[in-house]
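A quick write-up on the structure given underneath.
The values are calculated or read from the model by the stated rules, or taken from the named source; none is laboratory data. Fair warning: this is a prediction, and the values are worked out from it, not measured in the lab. Neighbour counts run over all protein chains shown; Cβ positions are idealised from the backbone, glycine included.
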Amino acid sequence: MKLVTYRQHGVEQIGAVREADIIRLTGIAPTMLALIEGGPQLLAQARDYVAATHTTIPLADVTLLAPIPRPRKNIICLGMNYTAHALESLRAKGLPAKLPEYPVFFTKAPTAVNHPNATVPLLPAISTQRDWEAELALVLWLPARHVPPEEALGYVFGYTIFNDVSARDLQMRHQQFFFSKSLDGAAPFGPWIVTADEIRDPHSLRIQMRLNGETMQDGNTAEMIFDIPTCLATLTRGLSLEPGDIIATGTPNGVGMAQTPPRWLRAGDVMEVEIEGIGVLRNPVG
(Lines give C-alpha, C1' and ligand atoms only; values in the text may rest on other atoms or scores of the structure.)
Protein backbone atom coordinates (compact mmCIF):
# COMPACT_ATOMS: atom_id res chain seq x y z
CA MET A 1 0.00 0.00 0.00
CA LYS A 2 0.91 3.64 -0.48
CA LEU A 3 0.04 5.41 2.77
CA VAL A 4 -0.37 9.18 3.02
CA THR A 5 -1.04 11.91 5.52
CA TYR A 6 -3.11 14.67 3.98
CA ARG A 7 -5.11 17.78 4.82
CA GLN A 8 -8.62 18.40 3.52
CA HIS A 9 -10.86 21.25 4.65
CA GLY A 10 -8.36 22.03 7.41
CA VAL A 11 -8.45 18.49 8.85
CA GLU A 12 -5.38 16.24 8.92
CA GLN A 13 -6.08 12.58 8.15
CA ILE A 14 -4.39 9.44 6.84
CA GLY A 15 -5.28 7.30 3.88
CA ALA A 16 -4.19 4.78 1.28
CA VAL A 17 -3.59 5.77 -2.33
CA ARG A 18 -5.33 3.76 -5.04
CA GLU A 19 -4.46 5.06 -8.51
CA ALA A 20 -5.52 8.75 -8.46
CA ASP A 21 -7.67 8.49 -5.33
CA ILE A 22 -7.34 8.21 -1.56
CA ILE A 23 -9.21 5.83 0.70
CA ARG A 24 -9.64 7.44 4.11
CA LEU A 25 -8.20 5.34 6.96
CA THR A 26 -9.22 7.55 9.87
CA GLY A 27 -11.49 4.78 11.18
CA ILE A 28 -8.50 2.45 11.38
CA ALA A 29 -6.03 4.86 13.00
CA PRO A 30 -6.06 8.62 13.65
CA THR A 31 -2.45 9.24 12.57
CA MET A 32 0.35 7.53 10.67
CA LEU A 33 2.26 6.99 13.90
CA ALA A 34 -0.77 5.26 15.43
CA LEU A 35 -1.07 3.00 12.39
CA ILE A 36 2.63 2.12 12.55
CA GLU A 37 2.51 1.46 16.29
CA GLY A 38 -0.47 -0.86 15.77
CA GLY A 39 1.93 -3.32 14.16
CA PRO A 40 1.17 -6.06 11.63
CA GLN A 41 -2.36 -6.70 12.94
CA LEU A 42 -3.54 -3.12 12.44
CA LEU A 43 -1.86 -2.89 9.05
CA ALA A 44 -3.72 -6.06 8.01
CA GLN A 45 -7.00 -4.42 9.08
CA ALA A 46 -6.14 -1.38 6.97
CA ARG A 47 -5.33 -3.58 4.01
CA ASP A 48 -8.67 -5.43 4.32
CA TYR A 49 -10.56 -2.15 4.58
CA VAL A 50 -8.87 -0.76 1.46
CA ALA A 51 -9.74 -3.91 -0.49
CA ALA A 52 -13.40 -3.73 0.53
CA THR A 53 -14.23 -0.02 0.28
CA HIS A 54 -15.38 1.91 -2.78
CA THR A 55 -15.56 5.36 -1.18
CA THR A 56 -12.63 7.50 -2.32
CA ILE A 57 -11.37 11.08 -2.42
CA PRO A 58 -9.54 12.44 -5.48
CA LEU A 59 -5.85 13.00 -4.76
CA ALA A 60 -6.17 16.33 -6.54
CA ASP A 61 -8.62 17.56 -3.87
CA VAL A 62 -6.24 17.26 -0.91
CA THR A 63 -2.91 18.66 0.23
CA LEU A 64 -0.35 15.95 0.85
CA LEU A 65 1.75 16.32 3.99
CA ALA A 66 4.92 14.53 5.01
CA PRO A 67 3.78 10.99 5.85
CA ILE A 68 4.82 11.63 9.48
CA PRO A 69 4.40 15.40 9.78
CA ARG A 70 6.05 15.58 13.19
CA PRO A 71 8.34 12.67 14.07
CA ARG A 72 8.69 12.07 17.80
CA LYS A 73 12.47 11.92 17.53
CA ASN A 74 15.28 13.18 15.34
CA ILE A 75 15.56 11.63 11.89
CA ILE A 76 18.61 9.35 11.74
CA CYS A 77 20.75 9.81 8.62
CA LEU A 78 23.67 8.03 6.99
CA GLY A 79 26.57 10.11 5.73
CA MET A 80 29.09 9.07 3.07
CA ASN A 81 27.17 5.84 2.37
CA TYR A 82 27.67 5.67 -1.41
CA THR A 83 31.20 5.15 -2.71
CA ALA A 84 31.14 7.76 -5.48
CA HIS A 85 29.49 10.35 -3.22
CA ALA A 86 32.00 9.73 -0.43
CA LEU A 87 34.84 10.30 -2.89
CA GLU A 88 33.31 13.42 -4.47
CA SER A 89 32.72 14.90 -1.01
CA LEU A 90 36.31 14.30 0.04
CA ARG A 91 37.61 15.82 -3.20
CA ALA A 92 35.41 18.90 -2.74
CA LYS A 93 36.85 19.35 0.76
CA GLY A 94 40.43 18.76 -0.36
CA LEU A 95 40.74 15.62 1.76
CA PRO A 96 42.40 12.27 0.92
CA ALA A 97 40.22 9.66 -0.76
CA LYS A 98 39.36 7.20 1.99
CA LEU A 99 36.07 5.37 2.36
CA PRO A 100 34.48 5.08 5.83
CA GLU A 101 35.20 1.86 7.72
CA TYR A 102 32.00 2.12 9.76
CA PRO A 103 28.57 3.69 9.13
CA VAL A 104 28.55 7.46 9.69
CA PHE A 105 25.40 8.49 11.56
CA PHE A 106 24.00 11.95 12.25
CA THR A 107 20.49 13.32 12.87
CA LYS A 108 18.15 16.03 11.61
CA ALA A 109 15.73 17.79 13.96
CA PRO A 110 12.00 16.98 13.69
CA THR A 111 11.35 20.68 13.06
CA ALA A 112 13.22 20.36 9.74
CA VAL A 113 10.44 18.18 8.28
CA ASN A 114 8.84 19.59 5.13
CA HIS A 115 6.03 18.38 2.89
CA PRO A 116 5.65 17.25 -0.73
CA ASN A 117 5.31 20.24 -3.08
CA ALA A 118 6.09 22.66 -0.22
CA THR A 119 8.74 25.33 -0.64
CA VAL A 120 12.16 24.69 0.89
CA PRO A 121 13.22 28.06 2.35
CA LEU A 122 16.72 29.18 1.35
CA LEU A 123 17.36 31.26 4.51
CA PRO A 124 20.10 33.31 2.79
CA ALA A 125 20.84 35.32 5.92
CA ILE A 126 22.58 32.29 7.44
CA SER A 127 23.58 30.18 4.42
CA THR A 128 24.40 30.83 0.77
CA GLN A 129 25.44 27.27 -0.07
CA ARG A 130 22.29 25.14 0.05
CA ASP A 131 22.58 21.69 -1.51
CA TRP A 132 20.42 18.65 -2.32
CA GLU A 133 20.77 14.98 -1.43
CA ALA A 134 18.36 12.37 -2.83
CA GLU A 135 17.86 9.48 -0.41
CA LEU A 136 15.85 6.35 0.28
CA ALA A 137 14.42 6.45 3.80
CA LEU A 138 12.87 3.67 5.85
CA VAL A 139 10.35 3.76 8.68
CA LEU A 140 10.48 1.20 11.50
CA TRP A 141 7.41 -0.49 12.95
CA LEU A 142 8.87 -2.75 15.65
CA PRO A 143 10.95 -1.88 18.73
CA ALA A 144 14.53 -2.70 17.77
CA ARG A 145 17.43 -3.64 20.03
CA HIS A 146 20.27 -6.05 19.20
CA VAL A 147 18.82 -6.74 15.75
CA PRO A 148 20.58 -9.56 13.87
CA PRO A 149 21.38 -8.46 10.30
CA GLU A 150 19.48 -11.40 8.83
CA GLU A 151 16.28 -10.25 10.59
CA ALA A 152 16.68 -6.49 10.07
CA LEU A 153 14.37 -5.98 7.09
CA GLY A 154 11.52 -7.49 9.10
CA TYR A 155 11.64 -4.39 11.32
CA VAL A 156 10.88 -2.08 8.39
CA PHE A 157 7.31 -0.80 8.05
CA GLY A 158 7.92 0.87 4.70
CA TYR A 159 10.02 3.10 2.50
CA THR A 160 9.76 6.71 1.42
CA ILE A 161 11.70 9.41 -0.45
CA PHE A 162 13.87 11.87 1.47
CA ASN A 163 15.79 14.99 0.41
CA ASP A 164 18.56 15.78 2.88
CA VAL A 165 18.84 19.49 2.07
CA SER A 166 22.15 20.73 3.46
CA ALA A 167 23.91 24.04 4.16
CA ARG A 168 27.49 23.32 3.10
CA ASP A 169 28.97 26.57 4.41
CA LEU A 170 27.55 25.88 7.87
CA GLN A 171 28.73 22.29 7.65
CA MET A 172 32.31 23.43 7.01
CA ARG A 173 32.16 26.27 9.53
CA HIS A 174 30.81 24.23 12.43
CA GLN A 175 32.53 20.94 11.51
CA GLN A 176 29.44 18.84 12.20
CA PHE A 177 26.24 17.89 10.42
CA PHE A 178 23.39 18.58 12.84
CA PHE A 179 22.95 22.36 12.50
CA SER A 180 23.78 22.52 8.80
CA LYS A 181 21.17 19.88 7.97
CA SER A 182 18.44 20.79 10.48
CA LEU A 183 17.45 24.22 9.23
CA ASP A 184 13.70 24.79 9.04
CA GLY A 185 12.17 23.01 6.05
CA ALA A 186 15.37 21.14 5.18
CA ALA A 187 13.88 17.63 5.44
CA PRO A 188 11.16 17.21 2.82
CA PHE A 189 9.96 13.63 2.53
CA GLY A 190 7.11 11.67 1.00
CA PRO A 191 4.89 11.86 -0.92
CA TRP A 192 3.88 8.62 0.83
CA ILE A 193 5.20 5.53 2.56
CA VAL A 194 5.19 2.39 0.44
CA THR A 195 4.77 -0.62 2.72
CA ALA A 196 7.74 -2.96 2.81
CA ASP A 197 5.89 -5.86 1.19
CA GLU A 198 5.71 -3.88 -2.05
CA ILE A 199 9.47 -3.26 -2.29
CA ARG A 200 11.02 -6.54 -3.35
CA ASP A 201 14.61 -5.43 -2.79
CA PRO A 202 15.41 -2.03 -1.23
CA HIS A 203 19.02 -2.51 -2.35
CA SER A 204 18.16 -2.49 -6.05
CA LEU A 205 16.28 0.77 -6.68
CA ARG A 206 17.19 3.51 -9.12
CA ILE A 207 17.42 6.88 -7.36
CA GLN A 208 17.52 10.21 -9.18
CA MET A 209 17.54 13.92 -8.42
CA ARG A 210 16.50 16.47 -11.04
CA LEU A 211 17.04 20.20 -10.69
CA ASN A 212 14.78 22.22 -12.99
CA GLY A 213 14.41 19.10 -15.12
CA GLU A 214 18.17 18.47 -15.39
CA THR A 215 19.40 15.19 -13.92
CA MET A 216 21.99 15.85 -11.20
CA GLN A 217 22.03 12.48 -9.43
CA ASP A 218 21.37 9.10 -11.03
CA GLY A 219 22.38 6.13 -8.91
CA ASN A 220 21.13 2.89 -7.45
CA THR A 221 20.68 1.80 -3.86
CA ALA A 222 22.87 -1.20 -4.73
CA GLU A 223 25.78 1.26 -4.43
CA MET A 224 25.38 1.66 -0.65
CA ILE A 225 28.60 0.98 1.25
CA PHE A 226 26.64 -0.18 4.31
CA ASP A 227 23.33 -1.86 3.55
CA ILE A 228 20.18 -1.51 5.65
CA PRO A 229 20.75 -4.68 7.74
CA THR A 230 24.28 -3.55 8.58
CA CYS A 231 23.09 -0.10 9.62
CA LEU A 232 20.24 -1.41 11.77
CA ALA A 233 22.46 -4.01 13.41
CA THR A 234 25.12 -1.37 14.13
CA LEU A 235 22.67 1.15 15.57
CA THR A 236 20.77 -1.28 17.75
CA ARG A 237 23.85 -2.68 19.45
CA GLY A 238 23.66 0.28 21.80
CA LEU A 239 20.64 2.35 20.80
CA SER A 240 16.99 1.40 21.17
CA LEU A 241 14.95 2.20 18.07
CA GLU A 242 11.19 2.56 18.20
CA PRO A 243 8.14 2.32 15.93
CA GLY A 244 7.95 5.38 13.69
CA ASP A 245 11.69 6.06 13.72
CA ILE A 246 12.93 7.29 10.34
CA ILE A 247 16.34 6.40 8.89
CA ALA A 248 17.63 8.04 5.69
CA THR A 249 20.20 5.82 4.02
CA GLY A 250 22.57 8.23 2.27
CA THR A 251 22.87 9.78 -1.18
CA PRO A 252 24.59 8.89 -4.46
CA ASN A 253 27.07 11.17 -6.20
CA GLY A 254 26.04 14.35 -8.02
CA VAL A 255 25.47 16.83 -5.20
CA GLY A 256 25.93 20.53 -5.87
CA MET A 257 29.01 20.82 -3.68
CA ALA A 258 30.93 18.51 -6.02
CA GLN A 259 30.11 20.35 -9.27
CA THR A 260 32.79 22.43 -11.01
CA PRO A 261 32.12 25.15 -10.09
CA PRO A 262 29.85 24.24 -7.15
CA ARG A 263 26.16 24.65 -7.88
CA TRP A 264 23.97 25.90 -5.07
CA LEU A 265 20.21 26.07 -4.84
CA ARG A 266 18.62 29.34 -5.91
CA ALA A 267 15.18 30.87 -5.49
CA GLY A 268 12.86 29.53 -8.15
CA ASP A 269 14.63 26.17 -8.49
CA VAL A 270 12.54 23.00 -8.45
CA MET A 271 13.93 19.75 -7.00
CA GLU A 272 12.48 16.38 -7.95
CA VAL A 273 13.70 13.21 -6.26
CA GLU A 274 12.52 9.99 -7.88
CA ILE A 275 12.99 6.47 -6.53
CA GLU A 276 11.97 3.39 -8.46
CA GLY A 277 8.92 1.69 -7.00
CA ILE A 278 8.03 4.65 -4.77
CA GLY A 279 7.41 7.79 -6.85
CA VAL A 280 8.52 11.42 -7.05
CA LEU A 281 9.07 13.98 -4.30
CA ARG A 282 8.87 17.49 -5.70
CA ASN A 283 9.83 20.70 -3.87
CA PRO A 284 10.35 24.26 -5.12
CA VAL A 285 12.98 26.46 -3.53
CA GLY A 286 12.36 29.98 -2.30
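Note on the range 133-170: among residues that are assigned to a helix (DSSP H, G or I) and of a type outside the set (Asp, Glu), the one that is nearest to Ser89 (Cα to Cα) is Arg168.
Within the range 6-48, track down each residue that is more than 21 Å from Pro191 (Cβ to Cβ) and of a type outside the set (Asp, Glu). Within the range 6-48, Gly27, Gly38, Gly39, Pro40, Gln41, Leu42, Ala44, Gln45 meet the criteria. Residue check: is Thr221 of a type outside the set (Asp, Glu), in contact (Cβ under 8 Å) with a residue 40 or more places away in the chain, in contact with a Pro (Cβ under 7 Å, 6 or more places away or on another chain) and surrounded by fewer than 19 Cβ atoms within 10 Å (Cβ to Cβ)? The answer is no for Thr221. When Pro116, Pro100 are checked against the criterion of being in the same structural domain as Ile246 (by TED's automatic domain parsing), assigned to a loop (DSSP other than H, G, I, E, B), farther than 21 Å from Pro262 by Cβ and under 14 Å from the mean Cα position of the chain (by Cα), Pro116 stands alone in meeting it.
Note on the range 94-133: residues that are under 22 Å from Glu223 (Cα atoms) and among the basic types (Lys, Arg) total 1.
Counting residues in the range 71-94 that are modelled with pLDDT under 95, crowded, with 19+ Cβ neighbours inside 10 Å, in a helix (DSSP H, G or I) and in contact with a helix residue (DSSP H, G or I) (Cβ under 6 Å, 6 or more places away or on another chain) gives one or more. Among the residues of the range 53-63, none qualifies, meaning not one is outside any loop (DSSP other than H, G, I, E, B), assigned by TED's automatic domain parsing to the domain that holds Glu135 and of a type in the set (Gly, Ala, Ser).
Please state which one of Val4, Val11 is of a type in the set (A, V, I, L, M) and touching a residue at least 24 places away in the same chain (Cβ under 8 Å). The unique qualifying residue is Val4. For the range 171-218, a residue qualifies if it is in contact (Cβ under 8 Å) with a residue 60 or more places away in the chain, part of a loop (DSSP other than H, G, I, E, B) and among the polar types (S, T, N, Q), and the qualifying residues are Gln176, Ser182. Can Gly190 be described as under 16 Å from the mean Cα position of the chain (by Cα) and either more than 25 Å from Leu99 (Cβ to Cβ) or not assigned by TED's automatic domain parsing to the domain that holds Ala34 (or both)? So Gly190 passes the test.
Filtered by the rule that a residue be among the polar types (S, T, N, Q), touching a helix residue (DSSP H, G or I) at 6+ places or on another chain (Cβ under 7 Å) and closer than 17 Å to Ile68 by Cβ, the range 1-48 gives a lone residue, Thr5.
Just one residue in the set Asp197, Asp184, Asp164, Asp169 is under 16 Å from Ala66 (Cβ atoms) and surrounded by fewer than 19 Cβ atoms within 10 Å (Cβ to Cβ); that residue is Asp184.
Regarding the range 233-249, can at least one residue be identified that is more than 26 Å from Trp141 (Cβ to Cβ), part of a loop (DSSP other than H, G, I, E, B) and in contact with a Pro (Cβ under 8 Å, 6 or more places away or on another chain)? Checking the range 233-249: not a single residue is more than 26 Å from Trp141 (Cβ to Cβ), part of a loop (DSSP other than H, G, I, E, B) and in contact with a Pro (Cβ under 8 Å, 6 or more places away or on another chain).
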